[in-house]
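Working notes for the structure below.
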Amino acid sequence: MNKHPKVIPISKHPLRKRKHDSEGFSSVKPTCIKWLWPRRIPIGKLSLFVGDPGCGKSLLTTLLAAHISTGQRWPIDHTACPSGKTLLICAEDDAGDTILPRLKAANADLDNVLSLNECEGVDGVWRPFSLLTDVAIVEDILIDHPDLKLIVIDPVSAFLEAADGNSNIAMRAILAPWQALASIHEVSILLITHLNKTTGNNALYRTSGSIALPAACRAVFSLSRSSEDENKRLFLPVKNNLAVDVGGLEFTIEECAGTPVIRWMDEPVTLTSTEALEPPDENKLGTEDCRIWLADYLAEGPQAVKLCIREGSQYGYSSKMLRCAREHLGADSKKIGSATTEKQFWAWQLPATKDDT
């Protein structure tokens with residue numbers, strides 16, 4: 001008795017008659033990547049912010065919405081920001097006592113910031129928004145507001161219903177229509193999520209849930225507290241499939257009339273996202289030998305930050321260790337050079353002593 005399954009010739013296979021869409025790349029029309037925030041947040045794609053609670057993820061999204069609402073240039077690099085509307089889909093922050101005061105403090109045009117609270121189900125019953133079923137509702141909003149530039153979904157885990165957020169297959173199926181929506185309507189979709197509890201991994205694997213989430217997003221950024229100063233936050237690239245790494249940014253969270261606001265800092269951030277997310281004890285921050293080396297290196301005068309990081313790495317000191325050592329030494333970080341010739345660079349310099357004055 002033949003126990004092997006019967007093989008159907010490919011020419012007679014019933015699935016062979018299925019339609020498909022394929023073409024040679026000589027027929028593909030070239031297009032340019034468009035940016036909401038140049039080299040950081042692309043248009044027509046999914047992006048992701050990841051970080052622990054309290055690191056400023058949601059606060060930063062309201063600042064982005066404020067910039068877009070007025071067309072105010074982006075911080076630090078002062079690149080152009082397209083003016084338009086933002087749709088905020090938020091599960092954790094109250095619209096009245098949290099989001100609205102933050103938008104006002106950021107000088108947003110409130111008419112250009114929308115909030116999606118609930119959706120009507122097929123049974124006529126109103127229910128919370130769902131990533132699984134409500135892509136058509138958001139598309140209706142896009143049709144009603146063609147100047148919509150950014151959609152924020154904060155956090156992803158709150159809108160998955162009973163879906164398994166740890167399943168690669170499930171998450172890819174959920175995200176696919178949202179990627180299509182972003183592409184068709186040329187809108188940026190920004191997803192927000194938390195970190196998992198693992199340590200020592202590449203920052204890309206610190207995202208809560210399935211790896212399919214950061215994999216599907218074209219740009220991923222981490223937000224974390226600075227090990228040097230609890231009031232500072234680090235906004236660092238984890239991955240960017242569409243542009244070269246433009247480096248990270250640093251900001252503080254201050255209070256204005258009882259509402260938290262972001263204040264950007266000019267100093268460049270030399271840390272990687274993986275370094276920033278590592279526990280302090282694993283980085284041996286501020287070790288005595290690192291401080292001694294940096295003090296000796298800066299003894300002859302100001303040194304370019306990039307040079308300090310490069311030379312320090314030869315001795316096994318990470319940029320995070322060097323930044324902490326600089327903080328312990330009280331070394332200044334300032335721009336050196338001629339502004340007229342645009343040949344300025346950031347440098348570290350030891351504080352002046354009594355003998356120097």
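Could you run through segment 177-200 and say how many residues are surrounded by fewer than 20 Cβ atoms within 10 Å (Cβ to Cβ), assigned to a helix (DSSP H, G or I) and of a type outside the set (S, T, N, Q)? Step through it out loud before you land on a result.
Within segment 177-200, the subset surrounded by fewer than 20 Cβ atoms within 10 Å (Cβ to Cβ) is 177-181, 183-186, 194-200.
Adding the requirement that they be assigned to a helix (DSSP H, G or I) leaves 177-181, 183-185.
Now narrow it down to the ones that are of a type outside the set (S, T, N, Q): 177-178, 180-181, 184-185.
Looking only at that region, the number is 6.
Would you mention how many residues in segment 131-188 are charged (D, E, K, R) and over 20 Å from the mean Cα position of the chain (by Cα)?
Adding up the residues that qualify gives 7.
May I ask you to say which residue of Asp154, Asp164, Asp147 is of a type in the set (Asp, Glu), in contact with a strand residue (DSSP E or B) (Cβ under 6 Å, 6 or more places away or on another chain) and surrounded by fewer than 16 Cβ atoms within 10 Å (Cβ to Cβ)? Outline the logic, then answer.
Numbers: Asp154 fails: surrounded by fewer than 16 Cβ atoms within 10 Å (Cβ to Cβ); Asp164 fails: in contact with a strand residue (DSSP E or B) (Cβ under 6 Å, 6 or more places away or on another chain).
None of the other options fit; the residue is Asp147.
Is it the case that segment 217-231 has a residue that's assigned by TED's automatic domain parsing to the domain that holds Ser130, farther than 25 Å from Leu88 by Cα, out of contact with any Cys (no Cβ under 7 Å at 6 or more places or on another chain) and surrounded by 15 or more Cβ atoms within 10 Å (Cβ to Cβ)?
Just the residues of segment 217-231 that are assigned by TED's automatic domain parsing to the domain that holds Ser130, to begin with: 217-231.
Retained after the next criterion (residues that are farther than 25 Å from Leu88 by Cα): 226-231.
Narrowing the set further to residues that are out of contact with any Cys (no Cβ under 7 Å at 6 or more places or on another chain) leaves 226, 229-231.
This time we only want the ones that are surrounded by 15 or more Cβ atoms within 10 Å (Cβ to Cβ), so: 226.
Yes: one or more hits.
For segment 304-334, how many residues are in a strand (DSSP E or B) and either hydroxyl-bearing (Ser, Thr, Tyr) or in contact with a strand residue (DSSP E or B) (Cβ under 6 Å, 6 or more places away or on another chain) (or both)? So that I can check it myself, show each step before the final result.
Our first condition is that a residue be in a strand (DSSP E or B); within segment 304-334, this holds for 304, 332-334.
So of that shortlist, the ones also either hydroxyl-bearing (Ser, Thr, Tyr) or in contact with a strand residue (DSSP E or B) (Cβ under 6 Å, 6 or more places away or on another chain) (or both) come out as 304, 332-333.
So the count comes out to 3.
Against the definition (under 22 Å from Arg218 (Cβ atoms) and part of a helix (DSSP H, G or I)), how does Leu131 come out, yes or no?
Against the criterion (under 22 Å from Arg218 (Cβ atoms) and part of a helix (DSSP H, G or I)), Leu131 does not qualify.
Considering each of Gly301, Gly248 in turn, give the residue that is under 19 Å from the mean Cα position of the chain (by Cα) and free of Cβ contacts under 8 Å to residues at least 60 places away in the same chain.
Details: Gly301 fails: under 19 Å from the mean Cα position of the chain (by Cα).
Every option except Gly248 fails the conditions.
Checking the condition in contact (Cβ under 8 Å) with a residue 40 or more places away in the chain, buried (at least 20 other Cβ atoms within 10 Å of the Cβ) and not hydroxyl-bearing (Ser, Thr, Tyr), which residue from Ala170, Ala203 passes? Can you show your working first?
Values: Ala170 fails: buried (at least 20 other Cβ atoms within 10 Å of the Cβ).
Going through Ala170, Ala203 in turn, the sole match is Ala203.
Condition first: within 27 Å of Ala162 (Cβ to Cβ), more than 25 Å from the chain's Cα centre (by Cα) and not in a loop (DSSP other than H, G, I, E, B). Can you find one or more residues in segment 105-116 that meet it?
Quick first cut of segment 105-116, residues within 27 Å of Ala162 (Cβ to Cβ) only: 115-116.
If we keep only those that are more than 25 Å from the chain's Cα centre (by Cα) too, we end up with none.
So far as segment 105-116 goes, no, none of its residues is within 27 Å of Ala162 (Cβ to Cβ), more than 25 Å from the chain's Cα centre (by Cα) and not in a loop (DSSP other than H, G, I, E, B).
For segment 91-101, enumerate the residues that are part of a loop (DSSP other than H, G, I, E, B) and without any contact (Cβ under 8 Å) to a residue 60 or more places away in the chain.
To start, the set of residues in segment 91-101 that are part of a loop (DSSP other than H, G, I, E, B) comprises 91-94.
Correct list: Asp94 only.
Do we have Gly337 as under 30 Å from Thr207 (Cα atoms) and modelled with pLDDT under 85 here? Step through it out loud before you land on a result.
Working: under 30 Å from Thr207 (Cα atoms): no; modelled with pLDDT under 85: yes.
No; evaluated as a whole, the condition is false for this residue.
Quick one: Ser318 ticks every box in (1) more than 22 Å from Met265 (Cα to Cα); (2) in contact with a helix residue (DSSP H, G or I) (Cβ under 7 Å, 6 or more places away or on another chain); (3) not charged (D, E, K, R) bar one, so which box is it?
Checking Ser318 against (1) more than 22 Å from Met265 (Cα to Cα); (2) in contact with a helix residue (DSSP H, G or I) (Cβ under 7 Å, 6 or more places away or on another chain); (3) not charged (D, E, K, R), the one that fails is (1).
When you scan segment 207-225, how many residues do you find that are in a strand (DSSP E or B), among the aliphatic types (A, V, I, L, M) and in contact with a helix residue (DSSP H, G or I) (Cβ under 7 Å, 6 or more places away or on another chain)?
2
Do we have any residue at all in segment 239-249 that's touching an Asp or Glu at 6+ places or on another chain (Cβ under 7 Å) and within 21 Å of Ala66 (Cα to Cα)?
Within segment 239-249, the subset touching an Asp or Glu at 6+ places or on another chain (Cβ under 7 Å) is none.
No: segment 239-249 contains no residue that is touching an Asp or Glu at 6+ places or on another chain (Cβ under 7 Å) and within 21 Å of Ala66 (Cα to Cα).
With assigned to a helix (DSSP H, G or I) and not β-branched (Val, Ile, Thr) as the only criterion, which of Leu36, Leu63, Leu88, Leu48 stands out?
Working: Leu36 fails: assigned to a helix (DSSP H, G or I); Leu88 fails: assigned to a helix (DSSP H, G or I); Leu48 fails: assigned to a helix (DSSP H, G or I).
Selected residue: Leu63, the only one of Leu36, Leu63, Leu88, Leu48 that is assigned to a helix (DSSP H, G or I) and not β-branched (Val, Ile, Thr).
When the residues of segment 252-276 are narrowed to those that are of a type outside the set (S, T, N, Q) and in a loop (DSSP other than H, G, I, E, B), which ends up nearest to Asp332 (Cα to Cα)? Walk me through how you get there before you give the answer.
Our first condition is that a residue be of a type outside the set (S, T, N, Q); within segment 252-276, this holds for 253-258, 260-269, 271, 275-276.
Narrowing the set further to residues that are in a loop (DSSP other than H, G, I, E, B) leaves 257-258, 271.
Working: Ala257: 31, Gly258: 31, Leu271: 18 Å.
Across segment 252-276, the extreme among qualifying residues is Leu271.
From Lys45, Lys104, Lys85, Lys57, which residue is charged (D, E, K, R), in contact with a Phe, Trp or Tyr (Cβ under 9 Å, 6 or more places away or on another chain) and touching a residue at least 24 places away in the same chain (Cβ under 8 Å)? Give the derivation first.
On the way: Lys45 fails: in contact with a Phe, Trp or Tyr (Cβ under 9 Å, 6 or more places away or on another chain); Lys104 fails: in contact with a Phe, Trp or Tyr (Cβ under 9 Å, 6 or more places away or on another chain); Lys85 fails: in contact with a Phe, Trp or Tyr (Cβ under 9 Å, 6 or more places away or on another chain).
Answer to the check: Lys57.
The values are calculated or read from the model by the stated rules, or taken from the named source; none is laboratory data. Only a predicted model underlies this, so the values are computations on that prediction, with no experimental measurement involved. Neighbour counts run over all protein chains shown; Cβ positions are idealised from the backbone, glycine included.
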